[in-house]
Every structure is written in structure tokens, then in C-alpha cells.
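**Student:** Encoded as C-alpha cells, here's the structure I'll be asking about.
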There are 2 protein chains.
Amino acid sequence: MESISAAGRTVVPAREARAVRLAAGQRVSVVDLEGGQVGDVFAFAAEDVAEHLSAAHTRATTSRLFPVAGEPFVTDRRRPILTLVSDTSPGRHDMLIAACDPARYARLGVTGSHPSCADNLRRALAAMGLSVPFVPQPVNVFMHIPVGEDGRLSWLAAVSRPGDAITFEAAMDCVFVLSSCPQDLVGINGSRPTSLAMDVSAPN
Amino acid sequence: MESISAAGRTVVPAREARAVRLAAGQRVSVVDLEGGQVGDVFAFAAEDVAEHLSAAHTRATTSRLFPVAGEPFVTDRRRPILTLVSDTSPGRHDMLIAACDPARYARLGVTGSHPSCADNLRRALAAMGLSVPFVPQPVNVFMHIPVGEDGRLSWLAAVSRPGDAITFEAAMDCVFVLSSCPQDLVGINGSRPTSLAMDVSAPN
């Protein structure tokens, strides 16, 4: 395995994704550079990327739709992989919705190719020489999908402001992937997709 | 591939699972024989069981936490696999929580072996000569997990009554798996796990 990623900022350009390696204890802040931009976060165990952050197992562990500060995100083997450390945004994040993919854009009427968080994930992992047999459900930071009393979901524009950041700490050595969501047919990213950044702390 | 399952009733004993093959258009009713029992439902495309019913893609398709009658459950490729036809129960079902598995019971303090919906799924598929590389998030029929205004989840006893049934129609040829949830350490199944039944209609 390659060495752990160096500390510092990685800009994730609009409609693209980047992956970084984190050692247990390292922190990563996802920063919404211009505001109003959704990020799809994926995390995989460094020792076996078949083990992945699982939304369904995280909900079962925390008994919440989304963890609060201090709570874990766990893998499909129920091991903590990330801890939610802090959040300077208004706190609207989603852990219900699948990553956008070519099938999603086809159903929205796109006839040619369109970037997607699913393809972005595959490409970012491939750049590390990694692959996974399926796309796990992401943690959609800054994605504003309120749940109504009747269980109805609304797709609203992200309310994160320029510079807002949500910070995670690695609970195990892991690969952390962030996709700047390319969705421009549903209004979740406001008027247009923009860039995000990952600020990685120095190793302990 | 084997022929489609014969129509009729398959009893799924407490703590066990059974799989049936459905042709597109066939219906299956999951019946809570004694009341108060959760069932974990999984569905896989007959032509390639890597394609599976996906809770996250279903929520994105229906914009609901759980479909209403007439709405589809879709696969990870966003193709309809089941349609919710009708429901005689009080309508409390869950599509947020992962299947119970050995790791879950270990965290609940079980030191020996304990049956689980994840192991039940693998065993039911193996009886058909099938296997899947991971356990998809199930559709937990009769499981009563209300979502509070703050996103907090409560684990309550199932309120389904003896004879209550939820009915699905296959939207494609598929393998339908039902596990009578063996959870007896958290109160979702009331005082004790009991049996369910699958009533499969004649092919069209």
C-alpha cells in the first residue's frame, strides 16, 4: 500500500472526485468553497476496501438519520471508520440518497454522457490502483433532504455557506473519497456545481 | 436456472429464511402469522443476482422513506424489481436499518452463535446454488422504527396483527428472500420471534 496522504489541502474540482489515505487519528475537513455545494463522501478500510462505510449500519448504531458530533460512522462489519468531529455549516446533511450514476441521468433525460458521483468514485479509486465491486451509499455532506412527517423527502438547495466545513476523524486507517456532486438537473447544488476542498491534518 | 417456484404458501419458521423465484407479474404476500413479527425482505434480479433491491435507490426514486401502494422498489441499477401492491397491516415498515448479523449480536453481548438475517440470507440463497458478495440493506416489513423530528430513530415492537399481509408484485424475474427476524435482544419482535409465511400467486 502507498504511504498515507500528506497533510494539507486537496481541491476537488466541480464534477470531479479525489481520494486520500488517512491514518487512524488523522482528521479531514470537507470545505464548501463557494457555498451551496453537495459532496458525496465514501470511506473504505485501508486493509480491505471491500469493507466500507455503511449508512444502514451507521443508522442502526447511532439510532439517528445522521450522526451528531462525537458519534461514529461504521462499516458494513459494524466497525467505526470515521467520527463526526465538528460542523460549522447549518447542519443539513443526507444519509438517505444513493450516489448519482449514469442510470440516474438517463432517467432525467440526459442522452449523452454526464459525470456522476458513482463514476467519480470509481475513477478516484482507480487512480490509487483500487476498485470496489459496487458503489456504497454515500454520506452526502451539505445535501438538504428534509424528511416530512409523512416520510416524504424534499430535494432542496444546499444551504451551506462559503467556507463552511464538516470535519471527520479517521477511526481506522482508511481511504476517504470526496466527489463534488455534478448534479445540475435537480436543484440540490443551487444554480451550478462548484468545487470543494479536503483539508487533511498532519498524522498523529 | 431452476424453474419458477410453484404458487402456494411457504412457511418461514421463526429465526429462519426461505427464498422463492418469482416471474415478472407474480405476486407474493408476506403474512405475519401470529402478529408482531418483523420480516427482512431481499430481492435479486434472476438473471444476475449482483443486481439487488436497493433501499437508497428506492428512496431516490420515490422521494419517500418507504413506498406507498403502486410505487416501485428499484435495484442498484434503478430498475423496478418489486411493486408495493397492498398492505392490510397498520403500515409500519422500515427501510433504514441494516440486517442483523453476527457482529450485531456480538455488540449486544452474545458470546456464542446466534441466528441472524444476514446468515439466513446467505443460507437461503445457497440452497438455490446462489451467493452474493455482500448483504444488501433489507426491506424490513412490519418493523416499527419511527423517525422523530430531530432525526432520532426509536426501536418499537411491531404492531402487525395475526394475518396482516403486505403484498408485492415482481416487476422482473427475481429471487425473493424472506427472513423471519431472529432478533430477541431488542424488542422489535415483541416477546419472541415467530413465523411468517409467503403466499405466492400463480404465474400469469
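The values are calculated or read from the model by the stated rules, or taken from the named source; none is laboratory data. Computed from a predicted structure; not experimentally measured. Heads up, the Cβs are rebuilt from the backbone with ideal geometry, glycines too, and the neighbour counts pull from every protein chain shown. Remember, those area values only see protein heavy atoms, side chains included, never the ligands or the DNA or RNA. Shrake-Rupley method; radii C 1.70, N 1.55, O 1.52, S 1.80 Å.
**Student:** Could you look through segment B:33-67, keep only residues that are in contact with a Pro (Cβ under 7 Å, 6 or more places away or on another chain) and charged (D, E, K, R), and pick out the one that is surrounded by the fewest Cβ atoms within 10 Å (Cβ to Cβ)?
**Tutor:** In this case the residue turns out to be B:GLU34.
**Student:** Now, a different point. Which strands (runs of 3 or more DSSP E) does segment B:100-185 wholly contain that include 2 or more residues that are open to solvent by 10 Å² or more (accessible area, probe 1.4 Å), in contact (Cβ under 8 Å) with a residue 40 or more places away in the chain and acidic (Asp, Glu)?
**Tutor:** Once the strands (runs of 3 or more DSSP E) in segment B:100-185 are filtered for at least 2 residues that are open to solvent by 10 Å² or more (accessible area, probe 1.4 Å), in contact (Cβ under 8 Å) with a residue 40 or more places away in the chain and acidic (Asp, Glu), nothing remains.
**Student:** A follow-up question, please. Residues of segment A:17-52 being over 14 Å from A:PHE176 (Cα atoms) and of a type in the set (D, E, K, R), which ones?
**Tutor:** A:ASP32, A:GLU34
**Student:** If you go through segment B:42-67, how many residues are more than 9 Å from chain A (Cβ to nearest Cβ) and either of a type in the set (Phe, Trp, Tyr) or over 23 Å from B:CYS100 (Cα atoms) (or both)?
**Tutor:** Residues meeting the conditions: 5.
**Student:** Could you please give the count of residues in segment A:100-116 that are at the interface with chain B (Cβ under 9 Å from one of its Cβ atoms) and not acidic (Asp, Glu)? Break it down into steps so the answer makes sense when it comes.
**Tutor:** Here is the first cut: in segment A:100-116, the ones at the interface with chain B (Cβ under 9 Å from one of its Cβ atoms) are A:100-101, A:103-104, A:106-107.
Narrowing further to those that are not acidic (Asp, Glu): A:100, A:103-104, A:106-107.
Looking only at that region, the number is 5.
**Student:** So how many residues does segment A:31-49 have that are among the acidic types (Asp, Glu) and assigned to a strand (DSSP E or B)?
**Tutor:** Final tally of qualifying residues: 2.
**Student:** Which condition does B:ALA14 not pass, out of (1) under 16 Å from the mean Cα position of the chain (by Cα); (2) within 17 Å of B:LEU178 (Cβ to Cβ); (3) open to solvent by 30 Å² or more (accessible area, probe 1.4 Å), if it passes all the others?
**Tutor:** Of everything listed in (1) under 16 Å from the mean Cα position of the chain (by Cα); (2) within 17 Å of B:LEU178 (Cβ to Cβ); (3) open to solvent by 30 Å² or more (accessible area, probe 1.4 Å), B:ALA14 misses just condition (3).
**Student:** Could you grab me the full set of residues in segment A:68-99 that are more than 9 Å from chain B (Cβ to nearest Cβ), touching a residue at least 40 places away in the same chain (Cβ under 8 Å) and surrounded by fewer than 22 Cβ atoms within 10 Å (Cβ to Cβ)?
**Tutor:** Answer for segment A:68-99, where residues must be more than 9 Å from chain B (Cβ to nearest Cβ), touching a residue at least 40 places away in the same chain (Cβ under 8 Å) and surrounded by fewer than 22 Cβ atoms within 10 Å (Cβ to Cβ): A:PRO72, A:PRO80, A:THR83, A:LEU84, A:VAL85, A:SER86, A:ASP87, A:THR88, A:SER89, A:PRO90, A:ARG92.
**Student:** Being outside any strand (DSSP E or B) and more than 30 Å from A:SER191 (Cα to Cα) is true for just one of A:ARG21, A:ARG78. Which residue is that?
**Tutor:** Details: A:ARG21 fails: outside any strand (DSSP E or B).
Only one candidate passes the filter, namely A:ARG78.
**Student:** May I ask you to verify whether B:SER195 is away from every other protein chain (no Cβ under 12 Å), at pLDDT 95 or above and within 14 Å of the chain's Cα centre (by Cα)?
**Tutor:** Criteria met by B:SER195.
**Student:** Here's something else I'd like to know. Considering every residue within segment A:23-41, establish whether at least one is of a type outside the set (S, T, N, Q), out of contact with any Phe, Trp or Tyr (no Cβ under 9 Å at 6 or more places or on another chain) and within 14 Å of chain B (Cβ to nearest Cβ).
**Tutor:** yes
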